[in-house]
Amino acid sequence: MSDYQTQIDRFTTLCESKNLNWQSINPEYASRMHLQNRFKTGLDIAKHTAQIMREDMARYDADPSQYTQSLGCWHGFTAQQMMMAVKRHKKTTKGAYVYLSGWMVAALRSEFGPLPDQSMHEKTAVPKLIEEIYTFLKQADARELDHLYKALDAAKSKGQDCSHIQSEIDNYESHVVPIIADIDAGFGNEEATYLLAKQMIEAGACAIQIENQVSDAKQCGHQAGKVTVPHEDFLAKINAVRYAFLELGVEEGIIVARTDSLGASLTQKIPVSKQPSDIASLYTAFLDTQVIDDVSQLEDGEMAIKLDGKLQKPTRLENGLYQFKEGTEKDRVVLDCVTSLKAGADLLWIETEKPNVDQIAELVNRIREEAPNAKLVYNNSPSFNWTLKFREQAYNELKAQGETLDNYPDPSVDPKALMAPELDGTELARLADDKVKSFQMDGAQQAGIFHHLITLPTYHTAALSTDILSEGYFGELGMLAYVRDVQRQEIRREQASVKHQDLAGSNIGDTHKEYFSGDNALKAGGEANTMNQF
């Protein structure tokens with residue numbers, strides 16, 4: 001018996017049990033509404049999507065070509081349109097997630113207005129956005145199922161075979177997919193991290209990403225001034241997130257541990273070693289220090305610690321922060337990652353300064369010496385100049401092959417010369433674009449990247465599309481700028497957004513009015529509705 005029919009039978013029995021009290025309730029309508037909202041709570045979503053993500057991780061372990069992807073979304077509508085596009089073009093949502101970027105929450109969702117990525121925005125905005133995204137994704141389900149129900153009714157009214165439509169309903173694939181949600185550096189101490197993690201999970205997040213920066217000194221991963229915390233502080237927050245998952249019954253919840261150590265040269269405090277070669281002493285060993293032969297060399301207010309049997313003075317800046325030794329960045333990244341995995345993190349995030357598969361692979365191979373199953377979430381960041389960086393790679397590759405490069409500017413002389421538009425049609429540009437195109441597959445197979453995401457893409461697409469429309473509309477094109485470059489494209493691409501009334505829920509509302517009011521329903525649809533022009 002089908003799921004659809006099972007639900008109808010269940011509601012029929014329920015309605016009959018109420019005798020005359022529920023005689024106006026149609027069991028099939030109740031069944032349809034029930035199936036249009038399969039996930040009743042955020043915890044239902046978190047449990048369901050955590051299982052999806054765990055299965056994807058196992059699939060990747062068996063075959064590294066099976067990586068997953070996501071785009072960062074700052075509004076429920078952008079997430080909805082992304083997943084509707086994925087499903088329409090790929091015929092499935094498998095392997096596609098949503099990324100929730102703290103950067104975009106700060107820049108676009110704070111009540112203070114646009115803010116930098118420094119954890120200054122309201123932390124409650126994060127779970128609110130998660131809830132909003134899933135509200136829009138569930139609405140996408142409701143809309144598609146409403147269309148299927150109408151098709152089912154039409155087929156029944158004509159006496160046609162309905163089995164294929166009912167099969168589509170029974171095997172319907174939801175737009176509800178995993179969210180990897182950014183909790184920044186935890187927004188405070190470990191208790192604050194736990195409380196916020198709970199709200200995020202209750203809103204539907206199955207995967208939480210947390211970074212090892214100092215919470216009140218947090219910086220964007222691609223800016224200067226980053227300050228990391230000792231491992232014991234970071235591991236306490238990983239524990240806090242895990243306890244939140246366990247308390248709420250999301251036992252398969254995923255923790256993504258991010259290290260910013262590759263670009264961070266500062267720390268705020270020196271941890272206390274309790275025994276030789278413990279994690280605190282390893283962290284302290286990375287500090288930039290000066291050997292002190294005599295305590296009289298110390299000035300008032302200065303401090304010294306004993307390292308390698310010698311009294312040493314850590315390099316301390318005017319702001320009280322401590323400097324790491326230059327050249328320790330990679331070693332610190334490896335230690336961060338191994339320590340996080342051993343403490344219960346599921347996935348790693350290494351923030352890099354450029355997209356380079358060889359660089360990432362070098363780090364991952366070192367990590368896998370101690371944690372063979374290590375996998376990455378990687379930030380395909382818009383902060384990188386992808387064109388420039390991959391043209392540099394192509395230039396160096398051609399140079400190593402002995403190719404003549406006289407027609408190209410030397411990036412060592414002019415670092416940005418390879419960006420020149422006149423190079424766009426050249427062999428070097430083609431080689432660079434091929435490398436960009438294969439970057440995600442190469443990273444998945446060679447550098448342990450399980451999940452590729454772009455943090456801020458919908459920030460940039462909103463800016464770009466609005467700029468293009470505004471240029472034409474307020475310029476010489478007038479209304480043609482909208483008709484040609486927006487609406488006509490929506491029609492050609494068969495996007496649901498061209499029928500914006502339907503996408504916003506107008507037809508679902510008419511259906512419900514029919515359920516509730518029968519022939520008395522005042523509906524928005526009909527011949528006079530201009531949606532019929534599309």
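The values are calculated or read from the model by the stated rules, or taken from the named source; none is laboratory data. Just so you know, these numbers come straight off a predicted model, no measurement behind them. A quick note on method: Cβ atoms are made from the backbone with ideal geometry, for glycine too, and the neighbour counts reach across all protein chains shown.
Structure summary
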quantity: Meets criteria (touching a residue at least 60 places away in the same chain (Cβ under 8 Å) and at positive phi) for GLY225; calculated: no
quantity: Single residue of GLY186, GLY225 found to be part of a loop (DSSP other than H, G, I, E, B), within 20 Å of the chain's Cα centre (by Cα) and farther than 24 Å from VAL86 by Cα; calculated: GLY186
quantity: Which numbered condition THR339 fails, given (1) surrounded by fewer than 22 Cβ atoms within 10 Å (Cβ to Cβ); (2) closer than 30 Å to MET57 by Cβ; (3) modelled with pLDDT of 95 or more; calculated: (1)
quantity: Helices (runs of 4 or more DSSP H) lying entirely in the stretch 1-98 (those with 3 or more residues that are within 24 Å of SER167 (Cβ to Cβ) and touching a helix residue (DSSP H, G or I) at 6+ places or on another chain (Cβ under 9 Å)); calculated: 3-17, 27-36, 76-90
quantity: Residue that is surrounded by the fewest Cβ atoms within 10 Å (Cβ to Cβ), among those in the stretch 6-48 that are small (Gly, Ala, Ser) and closer than 30 Å to CYS206 by Cβ; calculated: ALA30
quantity: Residues of the stretch 134-153 satisfying the condition of being within 15 Å of ALA496 (Cα to Cα) and polar (S, T, N, Q); calculated: GLN139
quantity: Residues satisfying the stated conditions in the stretch 481-521, i.e. touching an Asp or Glu at 6+ places or on another chain (Cβ under 9 Å), of a type in the set (A, V, I, L, M) and either exposed (fewer than 11 other Cβ atoms within 10 Å of the Cβ) or at pLDDT 85 or above (or both); calculated: ALA481, ALA496, VAL498, ILE508
quantity: Selection status of LEU469, surrounded by 13 or more Cβ atoms within 10 Å (Cβ to Cβ) and touching a residue at least 24 places away in the same chain (Cβ under 8 Å); calculated: no
quantity: Contacts under 6 angstrom Cβ, first residue in the stretch 171-189 being over 17 Å from ARG88 (Cβ atoms), partner among the charged types (D, E, K, R), 6 or more apart; calculated: ASP184/LYS218; ALA185/GLU211; ALA185/LYS218; GLY186/LYS237; PHE187/LYS123
quantity: Matching residues, the stretch 77-106, being more than 16 Å from LEU453 (Cα to Cα) and surrounded by fewer than 21 Cβ atoms within 10 Å (Cβ to Cβ); calculated: PHE77, GLN81, ALA85, LYS87, ARG88, HIS89, LYS90, LYS91, THR92
quantity: Count - residues of the stretch 79-112 that are more than 15 Å from the chain's Cα centre (by Cα), among the hydrophobic types (A, V, I, L, M, F, W, C) and within 18 Å of ASN171 (Cα to Cα); calculated: 2
quantity: Test: residue in the stretch 347-355 that is surrounded by fewer than 16 Cβ atoms within 10 Å (Cβ to Cβ), closer than 28 Å to LEU456 by Cα, in the same structural domain as THR455 (by TED's automatic domain parsing) and not basic (Lys, Arg); calculated: yes
quantity: Residue that is surrounded by the fewest Cβ atoms within 10 Å (Cβ to Cβ) [pool: residues in the stretch 54-75 that are small (Gly, Ala, Ser) and within 13 Å of the chain's Cα centre (by Cα)]; calculated: SER70
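For (1) under 29 Å from ILE255 (Cβ atoms); (2) of a type in the set (Asp, Glu); (3) buried (at least 20 other Cβ atoms within 10 Å of the Cβ); (4) modelled with pLDDT of 95 or more, each residue gets a yes or a no:
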| residue | (1), (2), (3), (4) |
| --- | --- |
| LEU137 | yes, no, yes, yes |
| ASP153 | no, yes, no, no |
| LYS156 | no, no, no, no |
| GLY159 | no, no, no, no |
| SER163 | no, no, no, no |
| HIS175 | yes, no, yes, yes |
| ALA192 | yes, no, no, yes |
| GLY204 | yes, no, yes, yes |
